[in-house]
Amino acid sequence: MPIRQMKESSERHLVIKSPALSSMNAAEKPKKTVQNGKGPPEDPQISIPSPATRNKSRRKRRNGAKSNGQGDVLMRQDPGVCSNSSMILPATVIQNSYSEVGDTACQMEMTYPSSSKSLRFPPRPGQGQAGVKCVVKANHFLAELPSKDLNQYDVTITPEVASKTVNRAIISELVRLYRESDLGMRLPAYDGRRNLYTAGELPFVSREFNIKIVDEDDGVNGPKREREYKVLIRFIARADMHHLSQFLAGIHGEAPVEALKILDTVLRELSAKRYCPVGRSFFSPDIRTPQRLGDGLELWCGFYQSIRPTQMGLSLNIDMSSTAFIEPLPVIDFVAQLLSKDVLSRPLSDSDRTKVKKALRGVKVEVTHRVNVRRKYRVAGLTSQPTRELVFPVDDHSNLKSVVEYFREMYGFNIQYTHLPCLQVGNQKKASYLPMEACKIVRGQRYTKRLNEKQITSLLKVTCQRPKDRENDILQTVQHNAYDHDPYAKEFGIKISEKLASVEARVLPAPWLKYHDTGKEKDCLPQVGQWNMRNKKMINGSTVSRWACISFSRSVQESAARAFCSELVQMCQVSGMEFNTEPVIPIYSAKPEHVEKALKHVFNASLNKLKGKELELLLAILPDNNGPLYGDLKRICETELGLISQCCLTQHVFKKRTEYLANVSLKINVKMGGRNTVLLDAISWRIPVVSDMPTIIFGADVTHPENGEESSPSIAAVVASQDWPEVTKYAGLVCAQAHRQELIQDLFKTWHDPVRGTISGGMIRDLLISFRKATGQKPLRIIFYRDGVSEGQFYHVLLYELDAIRKACASLEPNYQPPVTFVVVQKRHHTRLFASNHKDRSSTDRSGNILPGTVVDSKICHPTEFDFYLCSHAGIQGTSRPAHYHVLWDENNFTADGIQSLTNNLCYTYARCTRSVSVVPPVYYAHLAAFRARFYMEPDLPENSSLVGGMNPSSRTPHPVESGVRPLPALKENVKKVMFYC
């Protein structure tokens with residue numbers, strides 16, 4: 001967004017040009033005819049409504065007035081007029097080198113919020129009416145608001161304690177000792193850190209208590225250690241429950257965060273004492289018998305719990321949850337499982353020792369060699385020497401004693417497996433040694449590192465529940481928690497319903513899909529979220545004239561590879577592609593460890609054979625278990641050679657299933673610049689707020705490194721549609737940024753070049769230019785779907801990224817500010833929707849889940865803001881998770897039906913399969929692109945290097961990146977233009 005810094009005071013104010021609601025002059029707009037899914041109808045009338053017209057039409061829709069087939073009304077107004085609620089200004093004509101077509105646009109001065117305090121998300125524009133009405137159940141339980149005053153107190157514990165568990169034990173002891181006296185019979189709720197909450201005031205404003213805690217883990221029958229703490233409790237504030245009531249009623253727009261936090265803490269207090277808390281979930285081996293995952297891990301089941309403000313009032317969201325815990329085994333048994341070998345008879349190799357050290361670092365163990373003592377320690381590492389070689393000084397005269405002798409003399413414990421290393425506990429200055437056979441892993445430690453494929457498979461078998469079973473487990477959890485008997489809930493006057501919320505929903509219709517006219521079926525209406533390619537041809541089949549195949553699989557002979565390629569080529573031809581039947585060079589075989597050499601050989605051999613023309617497509621046959629081969633191949637092809645590649649696993653080469661070949665042909669087509677299908681409404685110019693003027697749809701996502709990787713960069717990806725009005729084809733860009741940075745840093749950037757001066761760049765700018773080149777028109781509307789943003793980050797992400805979008809637009813052309821709609825897409829939530837009657841087959845798909853297209857924008861949604869849940873896909877197994885869409889900024893004035901129908905329809909345009917998908921495709925593509933970019937990180941650098949990371953291929957000109965983040969190698973130009981990540 002264009003920014004002017006006002007120097008009248010030391011404060012900085014952001015002033016922007018409001019988006020120019022532009023309309024194209026019909027006389028200047030080039031006419032097109034409908035051909036192969038392209039072109040508008042004759043004499044299109046494209047205009048923008050005045051606020052009065054827009055509000056009037058909205059009132060009609062809210063009152064149940066008729067709408068068009070998309071559940072929305074095309075908005076019209078006299079061209080050349082732009083307005084907002086307070087002013088109407090004449091349009092100005094904008095024309096320069098970026099826009100070869102004269103476009104009518106307008107602009108407004110308005111103050112843009114410089115902080116989240118002055119920003120308000122758009123209110124809900126009424127509720128949607130499109131689709132077939134139905135009733136579903138949601139895992140939300142109505143919570144009655146307490147009528148009591150809630151008070152907040154600050155807690156200071158001296159000496160300071162890092163563990164929430166210890167803090168809770170201290171406060172529990174304080175309440176046990178002083179509840180009936182100094183606390184005035186109050187039963188407080190405590191968050192484990194600095195906050196204590198009470199229903200009603202305590203008899204003091206500030207008071208200090210001395211609390212002694214006995215270390216219960218220290219001994220069984222012997223003496224126990226005692227620690228003393230000072231606890232200062234000081235009154236802070238009184239929670240405004242009236243404010244919360246007004247917020248839930250839709251009268252007050254800002255959520256009272258502290259009041260919600262108090263209620264959430266109260267309802268978690270009892271579960272925190274009963275179970276093992278992890279984030280917002282609680283786990284216990286008593287909820288369900290733990291299942292072994294292998295390699296010393298086991299799966300614990302539990303439940304997620306969160307209090308949420310909704311349209312029906314306060315709601316308690318309960319869902320089933322599961323995670324991996326370290327199995328409470330003797331350390332020697334854990335090591336044997338981890339290494340899958342007998343460790344009692346042979347020493348550990350260096351690689352085994354490194355693996356064990358990595359697995360046990362940070363794990364808490366308890367000693368077992370002392371009868372009455374179960375002292376606990378946290379493992380710091382592993383000794384490099386076996387136990388039999390370990391000695392330590394016993395006095396100041398450099399007298400040494402072996403660990404074996406020490407344990408025999410001190411504890412009467414004979415170490416049997418002296419060939420194994422010892423666990424090292426404590427810090428480096430004062431390290432202690434513990435023999436493996438004298439230690440056992442403490443129960444209840446969550447495993448936070450990455451699971452292997454075998455463990456993931458075992459986990460999915462246990463956690464994959466059909467909707468009916470999941471619903472029953474949720475109800476049993478609520479009954480078992482017995483909130484009506486919870487002393488904390490009673491103390492604070494909170495009542496929880498034991499019934500799932502019954503919610504009105506609608507099933508949106510599937511969109512008609514257009515295929516090529518030469519196929520037997522020219523269009524298609526998906527049934528229950530699915531269809532197939534039989535009798536159909538791709539709407540725009542691409543051409544592959546120059547291709548080659550390379551096999552890295554030892555078990556695939558040349559004849560088998562040739563037969564597979566022949567069938568794949570035939571499938572591509574049948575599906576509508578023009579595909580040369582013969583490769584440029586014979587199929588080449590190579591070893592996986594020689595991937596770079598093999599790829600360059602095929603590339604250069606083809607180049608010589610074609611006399612300078614490059615390959616268009618490389619088919620690669622990989623072993624089923626290919627390790628780093630896939631990532632290396634993609635990195636080399638896309639950043640070094642500029643090759644589009646399609647990988648196939650060995651198992652599919654031999655099976656040659658028709659469904660698989662058809663699926664691969666879909667991927668190849670979009671990688672080569674084709675389109676598989678488009679929405680019939682798109683080529684008929686009938687999509688509201690998209691068809692009436694050039695619209696670009698963005699998808700953006702940031703993926704972060706896994707737990708345990710403390711310095712690897714985060715990867716951001718942005719994709720954007722390139723084929724208005726069809727909005728089916730996308731181009732994508734990726735960049736690396738600081739570790740766990742959620743804001744996308746390279747949406748827009750400027751840097752100084754010694755020769756060219758100030759240069760503008762960034763992903764938004766480049767994708768806008770790409771759209772202009774592909775369509776011949778500049779985008780006059782922007783729809784931005786953003787994935788991966790939590791509720792606590794809404795304001796921050798919107799302020800930063802909307803500002804970057806504005807600046808990117810302004811850098812292309814003065815006063816170019818197309819209206820923006822910014823929508824956050826969330827999949828990591830715990831709302832689940834169930835059929836009202838599981839026996840009614842007409843209301844469920846084959847997996848027993850709700851029907852694709854089911855949308856909910858009432859009761860369990862935000863009290864005032866513009867959000868909705870959409871289950872756009874058919875379930876396969878387990879319980880479907882609806883996507884949650886939250887509109888944070890809307891200058892395109894979408895109606896509820898408009899954004900819901902558009903989002904649902906787009907989910908049928910995902911290029912990689914013939915099914916509707918669970919999230920809007922641009923977001924899906926952005927996620928794939930970000931995941932792909934992880935393969936681009938330099939393979940010869942250690943992952944914990946401070947300079948690992950990625951580069952910014954979004955600009956053709958190299959420019960400085962964030963300190964400490966190494967740029968990713970740039971994508972080749974021909975790769976950037978297509979959907980390389982598919």
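Counting other C-beta atoms within 10 Å, and keeping those with at most 12, which DSSP coil GluC sites (Glu not before Pro) do you find in the range 664-725?
Here the sparse-neighbourhood loop sites are GLU706, GLU710.
Amide H neighbours of VAL920 under 5 Å, at least 5 residues apart or on other chains, H built in the peptide plane: list them.
HN-HN under 5 Å from VAL920: empty list.
On the protein heavy atoms, probe 1.4 angstrom, tell me the percent of accessible surface of the range 716-760 carried by carbon and sulfur.
Working: 690 of 1420 Å².
Carbon and sulfur: 49 percent of the exposed surface of the range 716-760.
Could you order peptides 774-785, 192-203 by the average number of other Cβ atoms within 10 Å of their residues, highest first?
In decreasing order of mean packing, 774-785, 192-203 become 774-785, 192-203.
Please list, or write none, the aspartates and glutamates whose alpha carbon is within less than 18 Å of the alpha carbon of LYS522, excluding same-chain residues fewer than 8 places away.
Straight-line reach from LYS522, under 18 Å: ASP681, GLU726.
Give me the net charge for the shell around LEU475: Cβ to Cβ below 9 angstrom, other residues only, Lys and Arg +1, Asp and Glu -1.
With Lys, Arg at +1 and Asp, Glu at -1, the net is -2.
What residues qualify as long-range amide H neighbours of ILE236, i.e. H under 5 Å apart, gap of 5 or more or another chain, H built at 1.01 Å from N?
Under 5 Å from the amide H of ILE236: GLN152, TYR153, ASP154.
If you roll a 1.4 Å probe over the heavy atoms of the protein chains, what accessible area per residue do you get for the range 389-469, in Å²?
Result: 65 Å² of accessible area for each residue.
Of the listed peptides 671-680, 319-328, what is their order by residue-averaged count of other C-beta atoms within 10 Å, with the highest listed first?
Those peptides, ordered most packed to least, come out 671-680, 319-328.
Considering only protein heavy atoms and a probe of 1.4 Å, how much of the accessible area of the range 519-589 is carbon and sulfur, as a whole percent?
44
Please give the per residue accessible area of the range 612-682, computed with a probe of 1.4 Å over protein heavy atoms only, in Å².
Computed with neighbouring chains in place, this is 32 Å² per residue.
Check cross-link reach from LYS449 to the lysines: straight Cα distance under 24 Å, and skip same-chain residues fewer than eight apart.
Answer for LYS449, where 24 Å is the Cα cut-off: LYS164, LYS341, LYS355, LYS357, LYS358, LYS364, LYS376, LYS440, LYS461, LYS827, listed by chain and number.
With every protein chain left in place, what is the accessible area per residue of the range 726-874 in square angstrom, probe 1.4 Å?
I get 31 Å² per residue for this part.
Which aspartates and glutamates have a Cα less than 15 Å from the Cα of LYS454, not counting those fewer than 8 places away in the same chain?
Leaving aside aspartates and glutamates fewer than 8 places away in the same chain, those within reach of LYS454 are ASP295, GLU298, ASP624.
Quick one: with all protein chains in place, what share of the accessible area of the range 405-463 is carbon or sulfur, to the nearest percent (1.4 Å probe)?
Working: 1660 of 3710 Å².
Answer for the range 405-463 is 45 percent, counting heavy atoms of protein chains only.
Would you mind putting 444-450, 861-867, 147-153 in packing order, based on average other-beta-carbon counts within 10 Å, highest first?
861-867, 147-153, 444-450
Quick one: 3J(HN,Hα) in Hz for the range 553-569, Karplus 6.51/-1.76/1.60 with θ = phi - 60°, rounded, Gly and Pro as x.
Karplus values, whole Hz, x for Gly and Pro: 9, 5, 7, 9, 6, 4, 5, 5, 5, 5, 5, 5, 4, 4, 5, 5, 4.
Spelling out what I want: for every residue of the range 443-453, take phi, set θ = phi - 60°, compute 6.51 cos²θ - 1.76 cosθ + 1.60 (Karplus), and round to whole Hz; glycine and proline get x.
In residue order, the calculated couplings are 6, x, 9, 6, 8, 10, 7, 6, 7, 7, 4 Hz.
GLY381's amide H: which non-local residues (gap 5+, or another chain) put their own amide H closer than 5 Å, with H modeled 1.01 Å from N in plane and none for Pro or chain starts?
Amide H neighbours of GLY381, under 5 Å, 5+ apart: GLN424.
If the limit is 32 Å between Cα atoms, which of LYS137/LYS520; LYS148/LYS273; LYS537/LYS976; LYS807/LYS859 go over it?
Details: LYS137/LYS520 41 Å; LYS148/LYS273 24 Å; LYS537/LYS976 26 Å; LYS807/LYS859 38 Å.
Pairs exceeding the cut-off: LYS137/LYS520; LYS807/LYS859.
For a quick check of your reading of the filter: which trypsin sites (Lys or Arg not before Pro) in the range 831-913 sit in a DSSP loop and have no more than 14 other Cβ atoms within 10 Å? Walk me through the numbers before you get to the answer.
Values: sites: ARG832, LYS839, ARG841, ARG846, LYS859, ARG912; in loops: ARG832, LYS839, ARG846, LYS859, ARG912.
Answer in residue order: LYS839, ARG846.
How long is the gain from SER842 to LEU232 if the chain were fully straight, where each residue apart is worth 0.36 nm and the alpha carbon distance is subtracted?
213.5 nm
Can you work out ³J(HN,Hα) from phi for every residue in the range 131-146, in order, using Karplus 6.51 cos²θ - 1.76 cosθ + 1.60 and θ = phi - 60°, giving whole Hz and x for Gly and Pro?
x, 8, 6, 7, 10, 10, 10, 10, 7, 10, 10, 4, 10, 7, 5, x
Let me check something: with ligands and nucleic acids excluded, how do THR758, THR750 order by accessible area (1.4 Å probe), largest to smallest? Write out the running numbers ahead of the final one.
Values: THR758 105, THR750 80 Å².
Most to least solvent-accessible, the answer reads THR758, THR750.
The values are calculated or read from the model by the stated rules, or taken from the named source; none is laboratory data. Because the structure is predicted, anything quoted here is derived from the model rather than measured. We place every Cβ from the backbone using ideal geometry, glycine too, and count neighbours over all the protein chains shown. When the accessible area is computed, the model is the full protein with side chains, heavy atoms only, and any ligands, DNA or RNA have been set aside. Shrake-Rupley method; radii C 1.70, N 1.55, O 1.52, S 1.80 Å.
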